[in-house]
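Working notes, structure below.
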There are 2 protein chains.
Amino acid sequence: MSQAIQFPLGADGLPTHWYNLLSDFTEPLPPPLHPGTGEPITPDLMEALLPPTLVEQEMTGEEMIEIPQEVRDVYALYRPTPLLRAVRLEKALQTPAHIYYKYEGVSPVGSHKPNTAIPQAYYNKMAGTQRLATETGAGQWGSALAFACSIFGLECTVYMVKISFEQKPYRKLLMETYGATIHASPSDRTEFGRKMLAEDPDSRGSLGIAISEALEDRATHPETTKYSLGSVLNHVCLHQTVIGQESIQQMEMAGEEPDIVIGCSGGGSNFAGMAFPFVRKKIKEQKNYRIIAVEPASCPSMTKGELRYDFGDTAQTTPLMMMHTLGHDFMPPSIHAGGLRYHGMSPMVSHCLKLGLIEATAVPQLKVFEAAVQFARSEGIVPAPESAHGIATAIDEAIRCREENTKKVIVFNLSGHGLFDLSAYDSYLNGRMQESGDDA
Amino acid sequence: MSQAIQFPLGADGLPTHWYNLLSDFTEPLPPPLHPGTGEPITPDLMEALLPPTLVEQEMTGEEMIEIPQEVRDVYALYRPTPLLRAVRLEKALQTPAHIYYKYEGVSPVGSHKPNTAIPQAYYNKMAGTQRLATETGAGQWGSALAFACSIFGLECTVYMVKISFEQKPYRKLLMETYGATIHASPSDRTEFGRKMLAEDPDSRGSLGIAISEALEDRATHPETTKYSLGSVLNHVCLHQTVIGQESIQQMEMAGEEPDIVIGCSGGGSNFAGMAFPFVRKKIKEQKNYRIIAVEPASCPSMTKGELRYDFGDTAQTTPLMMMHTLGHDFMPPSIHAGGLRYHGMSPMVSHCLKLGLIEATAVPQLKVFEAAVQFARSEGIVPAPESAHGIATAIDEAIRCREENTKKVIVFNLSGHGLFDLSAYDSYLNGRMQESGDDA
């Protein structure tokens, strides 16, 4: 075990720019459409929701976008993040494969989400926004935005999917510690929330519903409030590319070129952040990486959904986006990877899949937790259930290497730790967990 | 905010040796005594409890002790840890002081405890130990040993102080995820535990009682089991010196020399780890650092206790140690900083205090949480209640700098994050927290 297992970047390893894959698509990304007119959305319409700089970043064809110093100063709290080689996992699997993982769990809220929460809060502060309204699934995004708002002095209101609100009380307390206000969604704070509760008083909620409530909150407070989204959109994927850019530098330090790049995918942002800089090398340097997006078998937008224009939310208030979708009214079963319970997929990730730049696979919940526990007990880091989807696929590929006796280099994005998800581990270890739905 | 705020060390910044302050004391540390004979403890007696290498490290006068490569490979999971400048806190305090903090919360269990858990598990594995028995207060030590045992393939049994067992259910789940077995202490698993329960069925437990239970477990399974302690002892302080050694390198990167070095102190190990390499420079290079150990006002072993020989546990089964103590039968009130609820203090830290190499102060709980929330909302990291004792003192010193208009350089050890302590933050933010005892 005396080979290097960590590849630390100095402060100068922190990227100075975000990478914009929009600039490199051989076939342009279909634009978002206005649901009424069917015409492409114009910037002025989006500026009701987002500050101008984020609208520009949503639509620009510029390849590299400079990261403001004020954002880099906050990134420096936890970035560059570690890239580690999973030598003990390799040994446990008796595989000739080399397994590397990029660990985003060292951020103050334990996930990759601050990579976009920080610039979103910063640009909103610069634009004079007083308050941000958002939704959160498992609570990772809400925690990240609450953290970023506390740093830049913005108010923060979070609509948290009710099942996660109940499963992860500590996530709520973390957001409150940062000074944010949290509502379980569906809530009685919005017309749409009340409508959902009237239809189903026991509704467990969904990201689609929570997005609708956050958008309604924004629309009813136009002077003070903007909306913020933690995944799906182009500018969110853009901000996350610091992950892949650092990983490329660190794999060079390790002296290896990956054969397989893996990330879990719910709305698509942590996957995009890891994958897009590698997709860039695929396009510009003809690399033949396999890049795999991993989703839950119970919410299979890429592997079972259709690629078509659909709404991003349940109330049909967002623009229509060309994406892999299970339908905006799809109600995902209650799995523990709450961050992956979304009916759609990032348009940019969907476009990559359509163009054959990436592939997609789905993993069932019990297999995910089997992989998570094996990883925790060999590598020592307890992964978030979302991230563990990537681990399960990395383990599958490593086992295939053993069976075919081929040495492949696998790198995956460990997007967050599972310290808020221990009740799920408890359910799994004590045999109460089902493939989907409530624990027994 | 464009000055550097993080000072990352490369892989070569990970120390190759632990620093042993025993080699530099101008007056020798009084030895531990056998409670029966009153004679100094001999190594053979200690080898019933600990593997030979740890007994040697407990007593050696060697100045620098090489860290085995197998231990450094596991350290590399999270070390070197970041040293950060608290620029946003400085701004919030409007202080001319420069405030730096060493952040140990990036370890897989969120605290500094793996720094000694890893070598303790390693040396036990090398010595053929099958199982380790230990105690834990807040659960940080138990989590760290469970983590280290899972990495090196040892069984782990943890006696967890009952009040923390109840306050921090996620800590128990974390240890179980690593495969450890946890018992609330006092438990019915040991004679002493049953005795305590008979005297007080509602006992909330204490570190002293839990230590006695772990020692009894070891004594009743001599063939398979050794005992492991997460603080107090010389070899534990030794292993923690990686913290201060890295901090010295990082302060050099920052181009500043500290005036004040601060750490919280319960049993003393994270304080020792931060302080002893600076104490070394005080002794050898005549530096005039102020080095401050911060303890809870409700468990004030250094500021209100006596320096005398006392037992390390409540059942009077340990050797007698020369230390600051409130008495081995002292029952600390139930504060949220469970990791600081110990009647005694590390003999080496006590000796430093006696020799005037360090000073001590005590902070009440509400002030600790006021500092913790201010830190979380300005710097973005939610601190463990234990670590927040150091923050409270750092803030006091920074405010004094503002009042006296003097620029001092302050560095403190942020020994862990508070992601398992959010119910305590909830109590504080909602006005239910008392200075000590149960929340209202």
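For region B:197-206, name all the residues that are under 14 Å from B:ALA315 (Cα atoms) and surrounded by fewer than 22 Cβ atoms within 10 Å (Cβ to Cβ). Outline the logic, then answer.
First, pick out the residues of region B:197-206 that are under 14 Å from B:ALA315 (Cα atoms): B:197, B:199, B:205-206.
Correct list: B:LEU197, B:GLU199.
Can you tell me which residues in region A:89-118 are open to solvent by 10 Å² or more (accessible area, probe 1.4 Å) and polar (S, T, N, Q)?
Of everything in region A:89-118, those that are open to solvent by 10 Å² or more (accessible area, probe 1.4 Å) and polar (S, T, N, Q) turn out to be A:GLN94, A:THR95.
Taking region A:291-328 as the search range and keeping residues that are open to solvent by 40 Å² or more (accessible area, probe 1.4 Å) and touching a helix residue (DSSP H, G or I) at 6+ places or on another chain (Cβ under 9 Å), which one is farthest from A:SER231 (Cα to Cα)?
Looking only at region A:291-328, we keep the residues that are open to solvent by 40 Å² or more (accessible area, probe 1.4 Å), and these are A:297, A:303-304, A:306-309, A:316-317, A:322, A:326.
Next cut, touching a helix residue (DSSP H, G or I) at 6+ places or on another chain (Cβ under 9 Å) only: A:297, A:307, A:316-317, A:322, A:326.
Values: A:ALA297: 20, A:LEU307: 18, A:GLN316: 18, A:THR317: 17, A:MET322: 15, A:LEU326: 17 Å.
Here the answer is A:ALA297.
Run down B:LEU414, B:LEU419 and say which single residue is within 17 Å of the chain's Cα centre (by Cα) and either within 24 Å of B:LEU174 (Cβ to Cβ) or open to solvent by less than 40 Å² (accessible area, probe 1.4 Å) (or both). Spell out how you get there, then give the answer.
Numbers: B:LEU419 fails: within 17 Å of the chain's Cα centre (by Cα).
Sole residue among the options that is within 17 Å of the chain's Cα centre (by Cα) and either within 24 Å of B:LEU174 (Cβ to Cβ) or open to solvent by less than 40 Å² (accessible area, probe 1.4 Å) (or both): B:LEU414.
Across region A:134-150, what is the number of residues that are in a strand (DSSP E or B) and either surrounded by fewer than 24 Cβ atoms within 10 Å (Cβ to Cβ) or within 12 Å of chain B (Cβ to nearest Cβ) (or both)?
Taking region A:134-150 as the starting set, the residues that turn out to be in a strand (DSSP E or B) are A:134-136.
Next cut, either surrounded by fewer than 24 Cβ atoms within 10 Å (Cβ to Cβ) or within 12 Å of chain B (Cβ to nearest Cβ) (or both) only: none.
Going through region A:134-150 one residue at a time, the tally reaches 0.
Can you pull out the residues in region B:151-176 that are open to solvent by 10 Å² or more (accessible area, probe 1.4 Å), within 13 Å of chain A (Cβ to nearest Cβ) and either among the aromatic types (Phe, Trp, Tyr) or in a loop (DSSP other than H, G, I, E, B) (or both)?
B:PHE152, B:GLY153, B:LEU154, B:TYR170
Return a yes/no flag: does region B:239-257 have any residue that is within 18 Å of the chain's Cα centre (by Cα), more than 30 Å from A:ASP12 (Cα to Cα) and touching a residue at least 24 places away in the same chain (Cβ under 8 Å). If you could, list the steps in order and put the result at the bottom.
Going residue by residue through region B:239-257, those that are within 18 Å of the chain's Cα centre (by Cα) are B:239-247.
Those left that are additionally more than 30 Å from A:ASP12 (Cα to Cα): B:239.
Subset that is touching a residue at least 24 places away in the same chain (Cβ under 8 Å): B:239.
Within region B:239-257, one or more residues are within 18 Å of the chain's Cα centre (by Cα), more than 30 Å from A:ASP12 (Cα to Cα) and touching a residue at least 24 places away in the same chain (Cβ under 8 Å).
How do the helices (runs of 4 or more DSSP H) wholly within region A:351-440 filter down when requiring 1 or more residues that are within 13 Å of chain B (Cβ to nearest Cβ), among the aliphatic types (A, V, I, L, M) and farther than 28 Å from A:GLY205 by Cβ: which remain? If you could, list the steps in order and put the result at the bottom.
Details: elements: A:365-379, A:385-404, A:422-429.
Output list reads A:365-379.
Would you be able to tell me the number of residues in region A:267-288 that are farther than 15 Å from A:VAL232 by Cα and outside any helix (DSSP H, G or I)? Walk me through how you get there before you give the answer.
Taking region A:267-288 first, the residues farther than 15 Å from A:VAL232 by Cα are A:277-288.
Filter once more, so that each one left must be outside any helix (DSSP H, G or I): A:285-288.
So the answer is 4.
Anything in region B:124-133 that is surrounded by fewer than 24 Cβ atoms within 10 Å (Cβ to Cβ) and in contact (Cβ under 8 Å) with a residue 12 or more places away in the chain? List them, or say none.
Of all residues in region B:124-133, those surrounded by fewer than 24 Cβ atoms within 10 Å (Cβ to Cβ) come to B:125-131.
Within region B:124-133, B:LYS125, B:MET126, B:ALA127, B:THR129, B:GLN130, B:ARG131 meet the criteria.
Evaluate region B:270-280: report whether one residue or more is without any contact (Cβ under 8 Å) to a residue 60 or more places away in the chain, more than 27 Å from B:LEU14 (Cβ to Cβ) and not hydroxyl-bearing (Ser, Thr, Tyr). Give the steps one after another, and end with the answer.
Applying the first criterion (without any contact (Cβ under 8 Å) to a residue 60 or more places away in the chain) to region B:270-280 yields B:278.
Then keep just the ones that are more than 27 Å from B:LEU14 (Cβ to Cβ); that gives none.
No, that holds for no residue.
Kindly indicate whether B:SER378 is surrounded by fewer than 24 Cβ atoms within 10 Å (Cβ to Cβ) and more than 25 Å from B:ASP259 (Cβ to Cβ). Reasoning before the result, please.
Numbers: surrounded by fewer than 24 Cβ atoms within 10 Å (Cβ to Cβ): yes; more than 25 Å from B:ASP259 (Cβ to Cβ): no.
The answer is no for B:SER378.
Give all pairs with beta carbons closer than 7 Å in which a residue from region B:411-430 that is free of Cβ contacts under 8 Å to residues at least 40 places away in the same chain meets a residue that is open to solvent by 10 Å² or more (accessible area, probe 1.4 Å); count only pairs at least 6 apart in sequence or on separate chains.
From region B:411-430, the pairs are B:ASP426/A:LEU173.
Can you tell me which residue in region A:216-226 is nearest to A:LYS125 (Cα to Cα), limited to those that are open to solvent by 20 Å² or more (accessible area, probe 1.4 Å) and assigned to a helix (DSSP H, G or I)? Let's see the steps before the verdict.
Applying the first criterion (open to solvent by 20 Å² or more (accessible area, probe 1.4 Å)) to region A:216-226 yields A:216, A:218-224, A:226.
The next check asks that each one be assigned to a helix (DSSP H, G or I); those that pass are A:216, A:218-220.
Working: A:GLU216: 21, A:ARG218: 16, A:ALA219: 19, A:THR220: 20 Å.
Checked region A:216-226; the qualifying residue nearest to A:LYS125 (Cα to Cα) is A:ARG218.
If you check B:HIS324 against the conditions, is it in contact (Cβ under 8 Å) with a residue 24 or more places away in the chain, outside any helix (DSSP H, G or I) and within 30 Å of B:ILE41 (Cβ to Cβ)? Before the answer, list the steps.
Values: in contact (Cβ under 8 Å) with a residue 24 or more places away in the chain: yes; outside any helix (DSSP H, G or I): yes; within 30 Å of B:ILE41 (Cβ to Cβ): yes.
Here the answer is yes, as B:HIS324 does meet what is asked.
Is it the case, given these coordinates, that A:GLU191 is more than 14 Å from chain B (Cβ to nearest Cβ) and either hydroxyl-bearing (Ser, Thr, Tyr) or out of contact with any strand residue (DSSP E or B) (no Cβ under 9 Å at 6 or more places or on another chain) (or both)?
Spelling it out, A:GLU191 is indeed more than 14 Å from chain B (Cβ to nearest Cβ) and either hydroxyl-bearing (Ser, Thr, Tyr) or out of contact with any strand residue (DSSP E or B) (no Cβ under 9 Å at 6 or more places or on another chain) (or both).
Cβ-Cβ distance below 9 Å, separation of 6 or more or different chains: which pairs start in region B:9-38 with a residue that is within 14 Å of chain A (Cβ to nearest Cβ) and open to solvent by less than 40 Å² (accessible area, probe 1.4 Å) and end on one that is part of a loop (DSSP other than H, G, I, E, B) and charged (D, E, K, R)?
These pairs meet every condition: B:LEU9/B:ARG79; B:GLY13/B:ARG79; B:LEU14/B:ARG79.
Take region A:294-321 and flag every residue that is in a loop (DSSP other than H, G, I, E, B) and in contact (Cβ under 8 Å) with a residue 60 or more places away in the chain. I'd like the intermediate steps shown before the answer.
From region A:294-321, those in a loop (DSSP other than H, G, I, E, B) are A:297-300, A:305, A:312-319; that's our starting set.
Of everything in region A:294-321, those that are in a loop (DSSP other than H, G, I, E, B) and in contact (Cβ under 8 Å) with a residue 60 or more places away in the chain turn out to be A:ALA297, A:SER298, A:PRO300, A:GLY312, A:ASP313, A:THR314, A:ALA315, A:GLN316, A:THR317, A:THR318, A:PRO319.
Name the one entry in A:ALA360, A:ALA372, A:ALA394 that is crowded, with 24+ Cβ neighbours inside 10 Å and under 21 Å from A:GLY137 (Cβ atoms). Give the derivation first.
Details: A:ALA360 fails: crowded, with 24+ Cβ neighbours inside 10 Å; A:ALA394 fails: under 21 Å from A:GLY137 (Cβ atoms).
Just a single option satisfies the conditions, and that option is A:ALA372.
Which one is farthest from the chain's Cα centre (by Cα) among residues in region B:177-214 that are within 14 Å of B:MET331 (Cα to Cα), part of a loop (DSSP other than H, G, I, E, B) and in contact (Cβ under 8 Å) with a residue 12 or more places away in the chain?
Here the answer is B:SER203.
Given B:ILE262, B:ILE243, B:ILE209, which one is closer than 22 Å to B:VAL158 by Cβ, open to solvent by less than 20 Å² (accessible area, probe 1.4 Å) and among the β-branched types (Val, Ile, Thr)?
Values: B:ILE262 fails: closer than 22 Å to B:VAL158 by Cβ; B:ILE243 fails: closer than 22 Å to B:VAL158 by Cβ.
Testing whether each residue is closer than 22 Å to B:VAL158 by Cβ, open to solvent by less than 20 Å² (accessible area, probe 1.4 Å) and among the β-branched types (Val, Ile, Thr) leaves just B:ILE209.
Restricting the search to region B:59-87, which residues are open to solvent by less than 20 Å² (accessible area, probe 1.4 Å) and among the charged types (D, E, K, R)?
Result: B:ASP73, B:ARG79.
Could you figure out which of (1) part of a strand (DSSP E or B); (2) aliphatic (A, V, I, L, M); (3) modelled with pLDDT under 95 isn't true of A:ILE291?
A:ILE291 satisfies all of (1) part of a strand (DSSP E or B); (2) aliphatic (A, V, I, L, M); (3) modelled with pLDDT under 95 except (3).
Among the residues in region B:178-194, are any among the aliphatic types (A, V, I, L, M) and open to solvent by 30 Å² or more (accessible area, probe 1.4 Å)?
The initial filter retains those residues of region B:178-194 that are among the aliphatic types (A, V, I, L, M), namely B:180, B:182, B:184.
When the remaining residues are screened for being open to solvent by 30 Å² or more (accessible area, probe 1.4 Å), the result is none.
Taking every residue of region B:178-194 in turn, none turns out to be among the aliphatic types (A, V, I, L, M) and open to solvent by 30 Å² or more (accessible area, probe 1.4 Å).
The values are calculated or read from the model by the stated rules, or taken from the named source; none is laboratory data. Everything numeric here is computed off the predicted structure, so don't read it as measured data. Positions of Cβ are generated from backbone atoms using ideal geometry, with glycine treated the same way; all protein chains shown enter the neighbour counts. Areas reflect the complete protein model, heavy atoms only, side chains present, ligands, DNA and RNA absent. Shrake-Rupley method; radii C 1.70, N 1.55, O 1.52, S 1.80 Å.
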